[in-house]
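Accompanying notes for the structure given below.
The values are calculated or read from the model by the stated rules, or taken from the named source; none is laboratory data. The structure presented is a predicted model; accordingly, all values stated were derived computationally and were not measured. FYI the Cβ positions are ideal-geometry reconstructions off the backbone, even for glycines, and counts take in every protein chain you see. These accessible areas exclude ligands, DNA and RNA; they are computed on the full protein's heavy atoms, side chains included. Shrake-Rupley method; radii C 1.70, N 1.55, O 1.52, S 1.80 Å.
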Amino acid sequence: MQTEIEKRTLRRITWRIVPFIMLLYFIAYIDRVNIGFAALTMKQDLGFSASVLGFGAGIFFWGYFMFEVPSNIILHKVGARLWIARVMVTWGMISGAMAFVDGATSFYVMRFLLGAAEAGFFPGIILYLSYWFPARHRAGVTAFFMAAAPLSTAIGSPISAALLEMDGVMNLHGWQWMFILEAIPALLLGVEVLSFMTDKPEKAKWLKEDERAWLIKTMDDENAQKDKSGKHGIIRGLADPRVLGLALIYFGTSAGLYTLGIWAPQIIKGLGVSSMAVGFLNAIPPIVSVVAMVLWSRHSDRTGERTWHVIIACVAAAVGLVIAAGANSVVGLIAALTLVNVGISCAKPPLWSMPTMFLSGTAAATGIATINSIGNLGGFVAPSVIGWIKDSSGSYAGGLYFVAGLLVFSAVLTLIMSRFQTREQSQRAYQKA
């Protein structure tokens, strides 16, 4: 049962923090996956094959992989306000510069640099939430934050499709206008972060005195409990086997997420609809997934159960991909993609509530970044494999089956980790008895 001060404090920090970070992620995700819409015309203008497109879209995550851990450590040291502002301004500049790629090499370089610039944003926000929200409330809050990704697809898809219609304005292609105009919000919001974001509860002048005192004590008590296990140093965050396990689980969910982000517009387009129709059809699945994700994560918080909430969601997404591979009608394909969206979206909030349950301090910074950097390589593997299989076989089906297999692997690994965790807890209880 929540106390009055707890309800009041959580309500205030939720309304202060969550809508703003959702807006930041909304813009970040559009700039990350708008290549899927740009490719509807860009690949013809620049002569890109499916393999070139898939590799270039995925190489973004190598930049992420190389720079994410140091980026999150810096954020933990200097504060989220300065570092998130830096991230947004640099990724906005590079995203806009994507308009001027003129071949495969420059495409690869700019996508890599975009990943390096954005490295640290997502895990930085996950870490930031662990400063403000007790663990028992974190999955629900994380769900609202992560809802920005499907919302950006739902709203951004028609916008991106409309911007493609600017082809020829001032002698620029439509995809060039799309990159330029969709980069501007990141630059503006990067400046706004400096004045709006607060690093830690101790600095929150917008909280009432009793609210600030309750929050500081609650978070200090929670961190003290985690510190008893010693999981608070850099090496601990990197070496904990649970971190690697969660990274591999996240690998499968990332493969599914960026299969949707990069290839869903191409797959829908393959059924013979117009680019504008693609924009509106591609918006349907994420709208449904937002509602499902919020309800699913609230149930996870209410029951305190994480494992089966991840497993069931991963299996659902895998089933959706298998159905999508065989779909030959627009209705059937959109229904299958909706199931994939729902599954992947629902898996992520309970999954991201797990690392901060056993890591704190610098270990949390490095652990979260490690999970995200390794896991996001699924965003490189899946688009690249799908592009290669499409060029080799002329069909997306084989690639979709491959990603479905990765999601099943994530579900199985989640179950295995849960069993080991239960066994360790039983052994510790026996030793204390």
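Please work out which residue is nearest to residue 133 (Cα to Cα), limiting yourself to region 189-205 and to residues that are free of Cβ contacts under 8 Å to residues at least 40 places away in the same chain and assigned to a helix (DSSP H, G or I). Out of the qualifying residues, it is 202. Considered as a group, the residues in region 392-419 that are part of a helix (DSSP H, G or I) and modelled with pLDDT under 90 include one that is least open to solvent (accessible area, probe 1.4 Å), and that residue is 418.
Here's the yes/no breakdown for (1) within 29 Å of residue 41 (Cβ to Cβ); (2) modelled with pLDDT under 90; (3) under 17 Å from the mean Cα position of the chain (by Cα):
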site	(1), (2), (3)
64	yes, yes, yes
68	no, yes, yes
93	yes, no, no
96	yes, no, no
120	no, yes, yes
136	no, yes, no
152	yes, yes, yes
158	yes, yes, no
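Just to verify a result, which residue in region 75-88, among those that are of a type in the set (Val, Ile, Thr) and touching a helix residue (DSSP H, G or I) at 6+ places or on another chain (Cβ under 6 Å), is surrounded by the most Cβ atoms within 10 Å (Cβ to Cβ)? Give the steps one after another, and end with the answer.
Taking region 75-88 as the starting set, the residues that turn out to be of a type in the set (Val, Ile, Thr) are 78, 84, 87.
Now drop any that are not touching a helix residue (DSSP H, G or I) at 6+ places or on another chain (Cβ under 6 Å), which leaves 84, 87.
On the way: 84: 23, 87: 25.
Among those residues, the one meeting the criterion is 87.
Within region 346-360, does at least one residue satisfy the condition of being without any contact (Cβ under 8 Å) to a residue 60 or more places away in the chain, more than 13 Å from residue 249 (Cβ to Cβ) and in a helix (DSSP H, G or I)? Yes, region 346-360 contains at least one residue that is without any contact (Cβ under 8 Å) to a residue 60 or more places away in the chain, more than 13 Å from residue 249 (Cβ to Cβ) and in a helix (DSSP H, G or I).
Apart from one condition, residue 131 fits all of (1) open to solvent by 10 Å² or more (accessible area, probe 1.4 Å); (2) under 21 Å from residue 180 (Cα atoms); the exception is (2). Check whether at least one residue in region 267-277 is buried (at least 22 other Cβ atoms within 10 Å of the Cβ), within 13 Å of residue 400 (Cα to Cα) and in contact with a helix residue (DSSP H, G or I) (Cβ under 9 Å, 6 or more places away or on another chain), and report yes or no. Yes, that holds for at least one residue. Determine, yes or no, whether residue 29 is within 30 Å of residue 395 (Cβ to Cβ), of a type in the set (Phe, Trp, Tyr) and buried (at least 21 other Cβ atoms within 10 Å of the Cβ). Judged against the criteria, residue 29 is a match.
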